[in-house]
Each structure stands twice: as C-alpha cells, then as structure tokens.
1. Charges at C-beta only: +1 for Lys and Arg, -1 for Asp and Glu. How large is the resulting dipole of the protein assembly as shown about its Cα centre, in Debye rounded to 20?
2. What ratio of Cα Rg to 2.2 N^0.38 Å holds for segment A:225-293?
3. Using the Karplus equation 6.51 cos²θ - 1.76 cosθ + 1.60 (θ = phi - 60°), what ³J(HN,Hα) coupling, rounded to whole Hz, does each residue of segment A:103-116 give in order, writing x for Gly and Pro?
4. Compute the length gained on full extension between residue A:55 and residue A:167: take 0.36 nm times their separation in residues and subtract their Cα-Cα distance, giving the result in nm to one decimal.
5. Angle between the Cα long axis of helix B:130-146 and the longest principal axis of chain B, 0 to 90 degrees, nearest 10?
6. What do the square roots of 5 times the Cα gyration tensor eigenvalues come to for segment B:163-234, in whole Å, largest first, as semi-axes of the equivalent ellipsoid?
7. Using a Förster distance of 51 angstrom, determine the FRET efficiency expected from the C-beta separation of residue A:262 and residue A:217, and round it to 0.05.
8. At residue A:237 and residue B:132, where each label point lies 7 Å from the Cα along Cα→Cβ, what is the point-to-point distance in nanometres?
Amino acid sequence: MKWKPIGVGLGLIVVGYLILSCCAVVDVTELAVLTIFGRPTQSITEPGFYLKWPFPIQTLHLIDARLLVLDPETAEFLTKDKKNVLVNSFLCWRVKDPLRFIESLGSRLQAELHLTDVLNSELGAVLGAYDFSALVSTNPETVQLEQMMQAVTEHCATVAEKEFGIQVLDVRLKRLNFPDQNRASVFNRMRAERERIATRYRSEGEEQATKIKSEAERQRREILAKANQEAEELRGKGEAEAAKIYADSYGQDPEFYAFWETLQTYRQSLQDKTTVIIPADTQLMKVFYEGPESTTR
Amino acid sequence: MKVLNRLPVSRVARYTVPVLLLIYAASGFYQVRPDELGVVLRFGAVARSSVPPGLHYHLPWPIEEQYTPKTTEVRKISVGFNVFDNLLDEEPESLEAQRLTGDTNIIAIKSMVHYVVDDPVQFLFGAENPALLVQAAAELVLTETVAGKEVDWVLTTGRTELQVQVKAQTQALLDQLHAGIRLTAVNFVTIEPPLDVIEAFNDVSSAKIEREELINKAESVANFVLPKARGEAHELLEQAKAYQTECLAQAKGLTQTFVSLKNYYVTAPAITRQRMYLEAISECLAHQQVIVPSNGDNLRLTLLEEGQTLKPQVDKQ
C-alpha cells in the first residue's frame, strides 16, 4: 500500500520533533527557565545540554545572561542647592535569578522600563541630598561623586535583586550638563570671565611696557646728566688751567701785556671799511702837521 | 556494505547518506589564523578557551561550535562624536561631546579609544556589546574626571595627563566588569571650548601674545635708547675734552707769543714799543677812510639809516 511510506515518514517526523523537543541547550550567554504548562518552575544557570519533557509539557525560556547596559533618556534633576542638572546615566546590569526575572518582568523591555524608573527615583533622591559642588568642583574635598554614585548603585541593586532578580553592577553619570536655558547663561559667564582675563593680560602688557620704557628714559637722562656734569667739569678745568697759564705769563709784565693786548684789539676791531676820525692834536698826526722837523716825543 | 544492502531504502540513499555523514563530520575542521584565538563551546558551555593558531577539529554542530575572535587587531571607537561626521564641520557640536569642568565651565572633548581583546571568552560572552561598553565607560570616566579639573588645565597643560588618567580609570572599570578588554590608547582628537564661546577663549590667547609683543617692543625701545644715550654721553665728554685741550693749546700758544715778545721787549723797551705802536696803527688805517679835522673844527656826526652812506660835514668856524 502506498500509504505506508508516507505514514512511516510522518511518524519519523513526529518522533524526530519530540526528540528535539526533549533536548535543551543553554548557551554560555544564556540563562533559562523551565515552565510546566506555562507555569515557571525551575531555573537553569549553568550552560550545557539538558533533557526535559517535550512541548507542550515543558517549555524552555532563554534569557540573556550577559552584561547589559541601560542607557536611559536624558533626565533633569534638582540638587540640594536648587541647581538644575541634565543627566545621562549609565546602569550596568545582568539577570541573576531567572525565575524571579520571568515571574516579575518577563521581557527585556519590561526590565528596562522598570530599571529606568528605579534608577531615576534613586538618582533624584541622592542628587537632591547633595549640593551641586559635590558633583562639580575644583576642590577635591567637596567632591562626593563617588559616594553618591555608590549610594545610588546600592539602592538600585537592593530593589532590583529583591523585586526583579536583577543584579545591578554599577550606576554612574555618563554625561552631566546644564539644561538649555541655563547653558546660555553659563556661556555668558564664560565669555565674561574670558574677557576679564584678556583685559588683564593686555593691561599687564601696557603696564610692563610703560615701566620698561620709563626706566630706560630715566637711565638715559641719568647718563646724559652725568655726562653733562663731567663735561662741565672738564671745561671748567680747562679754562682754569688756561687762565693760570695766562696769569702766569701775562702776570710777568702786566703793563706790557695791557699795551700789547690793546694793539691786538685795534687790529681786530678796525677791520673793514671803518671810518676813523683822528683829531689833529694827537701824537700820530703831529709830524703830519708840523713837518719833518717835528719829533713825536 | 552488507548492512546497507539490507536497509529498506533506495539504492541512491544507500550511498549518499554515508557521504553526507562524512561531510557532516568534516564540518568540524576549523582554522585559527595567526591573529586569532579559538574558543570552542560544547552544548553552549566553554570547552576550550585559548586554541592556538593552526588547523583544529571540533565535534560538529550542534554538539560543539567554534569562535575565532581576532585578538591582536586594534579596534577603535569614537567618544563624543560620530566618526562619519565631518570633524571640520561648523555645525554646532552635539551635547555628546560637552563636559563640565570643576569651575563650572563647559568644554567639548572628542576622543578615540583604541583597544584589543584581552580575554576571548570574556570578550565574546561577557558583555552584550563590548564596543558600546568601552564607549560608555570612557564617557563616564571623562565626565567624572573633568568635573574635578580647572578649564585652563584641561585645555592646555593637563591634556596629556588627562588622557593618562582617563585611560587608567576606564581600564579599571572594564576590568571590574570583566569585559576582557585591554585599552591600548585614549587620544583626544579635539579639546576646545564650545563654539559659542570659542572666540572669547581665542581672544585670551591673542591677549597673551599682545602682552608679550608690548613688552618686547618696549624692551627693544630700551635697547635702542640706552646705547644711544651712552653714545651721546661719550660724545659730550669728548667734546669737553677737546675744548679743554683747545683752551690749553690756545693759552700756551698765545702766552708763548707774549713771552717771546716780552723777552725781546725788555732788551729794548722804548724802541720796541714805538715800533709795535706804529705797526699796529698803520695796519689799522691801511684801508680805512680817515678823517682829520683841524684844531677848533667842530665835527657834526649824523646817525645813518640802512643804506645811507656816511658824509660827515665839517663845519668851518
């Protein structure tokens, strides 16, 4: 009969399917939960090959066991001293108790939604308990970022483990910034500060330059004053020495000197085309008028 | 072969099935290249973790499966920007790159992180997305580190040290999370103030330069003025010395003349005197206009104006 090979074939397929359905492989990147008729009964946390009752008796649900990163949307928080901050968080988690995970959440999406809620509420609580300077400060003593994030991590981890079977490994601040409207005023402040610094540099330059130039001027004057003084002294010395020489020599016969110097004076002053008036009764003109027999005595 | 002949299957199946089984068995051969390491899972669990380069065999799927990640290839990921964006674009940069500094200034940092696979098992199966983990870790370390530093330090002298710190702390975090990754470098592509304020920051640099210029100019003026003054001073002294010499020379010259003349004079005073007088007078009167009024004459003199010539009148009594 022709039905026999078809029947055998179908039978083989069904048997094959049932056999496969009894085989379960849990990968090293996975955790698993076995459900009996849909009810979660046990978890498998070690990778390997497992036998189970075939579908629909027992079903294997696989869950990602790897390290997962939650990257929630930017959220705004208020610090204790009423400063608004925009925060991008980083939350690192993995499934710890697959049974609890399936019972409470069921899917990755649900997990992320709930984790985000827990994260934002814990973060808000912690950020609201500290001043802004605990986050951002050049003074290492006021910065408490590490403690704050540790607190957030611990709180989130406690809730997540108890309620969702999730292990929260680390919660950190990936990015920290001011909200848009605040950022504009921060930029204004930055600009004003930079202007102040630039002005200071420029005026320092002017001040230094003036100092250098006036110092140089002062030194210049000093040099010239000293030089002038010395020059005067030298001139004075020269004149004095000359005067002494004159006195020493002219002093040997002052009367003769006077006579000689007077004649020199005549020579020099009666130069070009001077008109000289000589009265007739001078000794010079005596001979002129009296004739050759006259004497000039 | 006899066993096969008894099986209730067709002749073709009798020979193709063994061949298929052989092919299936042969699928277990795999090659690990020189820049790779092999990892073999058996039913999902790690069976062999550091298979060296070469040809190896594993039991075919689904019993065993193999992975051969590249362990020497340096991978890289951008932090703060998208590599496919044009870095030189004048577009306002995204908030992704902005960081707050300790003195509540805002700067933009774009960096590249380079890493290699350190532990193949951890790298393959530890994190869902190792590259994203590296990026996130670098970002948060940057945020935390820069939040404690001054803006000027970050922009100038602290750049290198910041790179070192960020690399160390990011590596520590990745080790803590068992990512199986080793960072080889963290390089800052740009660290600069955001576009909104970059002009103001650049002006500060210009101002610094201007300050130096002003000082240099003043110094060069000083360097010119002082030697010039010293030169002038020297000249003044030289002139004074020359004057001094001239005075003496002139004095010596004149007195020498006088003394010689006097020495001669004392030998014949009267005649010398007479001679000297007459010589002088004749020299003086040589080219002059001489007027000799007689006794008793009155001489009327007129004051002249510019251009007029002298014409004294002699009044006769």
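The values are calculated or read from the model by the stated rules, or taken from the named source; none is laboratory data. If you're wondering where the values come from, they're calculated on a predicted model, not measured in any experiment. Here the Cβ positions follow ideal geometry from the backbone for every residue, glycine too, while neighbour counts run over all protein chains shown. When the accessible area is computed, the model is the full protein with side chains, heavy atoms only, and any ligands, DNA or RNA have been set aside. Shrake-Rupley method; radii C 1.70, N 1.55, O 1.52, S 1.80 Å.
1. For this selection, approximately 2700 debye.
2. 1.92
3. 4, 8, 10, x, 9, 4, 4, 4, 4, 5, 4, 5, 4, 4
4. Numbers: separation 112, 0.36 × 112 = 40.32 nm, distance 3.06 nm.
Extra length available between residue A:55 and residue A:167 comes to 37.3 nm.
5. Once rounded, one gets 40 degrees.
6. Details: eigenvalues 601, 62, 9 Å².
Calculated on Cα positions only, the semi-axes equal 55, 18, 7 Å.
7. Details: r = 53 Å, r/R0 = 1.03.
Efficiency at R0 = 51 Å is approximately 0.45.
8. My value for the distance between the label points is 9.6 nm.
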